[in-house]
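To start, the structure under review is shown below, and the notes come after it.
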Amino acid sequence: MPVRSYLNGRVIAANRNGLTKPVTILLAWLAVAAWAGLIFFFSAQPSLGTGLGVWDLILRKLAHMFVFGVLTFLSWRALRQHGVGRGAALLAAAVFSLAYAVSDEYHQSFVPGRSATVYDVGFDLTGILVAVTVILGRGLKR
């Protein structure tokens, strides 16, 4: 149930955290931008090797799935804040995340010591699909 806040003597609707709808929307999109920025930052690093051999490979591929799954969830949540329907928001978030994954691999092709691979996009897509499955399975209505 919304709480009431007061602005210049007028009652305005706010969510349960006391934030107005525009602020909530802004924060949701800032989370998407920050997460995308974090992905970009790590993609710009010449080498992310840990020297752990096969575990290094496994951890990096799991990281691909995790970061793009989170990007999908954050994008879906931001779209839902705008009032976009649950299914449409989920589809748009998945398409956006996949497009970002492809552009991320393209970006990596310009970074010394890095290369762009279709396999990494496949791991990114796996993370996206896991996020979609979790959202659908949990019946998240936000």
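Points worth noting:
- The Rg/Rh ratio for the stretch 21-138 is 1.01, where Rg is the radius of gyration of the alpha carbons and Rh is the Kirkwood radius.
- The stretch 46-129 - charge dipole about Cα centre, Lys and Arg +1 at Cβ, Asp and Glu -1, debye rounded to 20: 300 debye
- Order of 64, 107, 82 - criterion: other Cβ atoms within 10 Å of each residue's Cβ, fewest first: 82, 107, 64
- Cβ-Cβ FRET estimate between residue 24 and residue 126, R0 fixed at 30 Å, reported to 0.05: 0.50
- Counted by Cβ distance under 12 Å from residue 67, the other residues give a net charge of -1, where Lys and Arg count +1 and Asp and Glu count -1.
- For residue 134 and residue 111, the FRET efficiency from 1/(1 + (r/R0)^6), where r spans their Cβ atoms and R0 equals 22 Å, is about 0.10.
Just so you know, all these numbers are worked out from the coordinates, no wet-lab data involved. Values in this document were obtained by computation on a predicted structure and should not be read as measured data. Neighbour counts run over all protein chains shown; Cβ positions are idealised from the backbone, glycine included.
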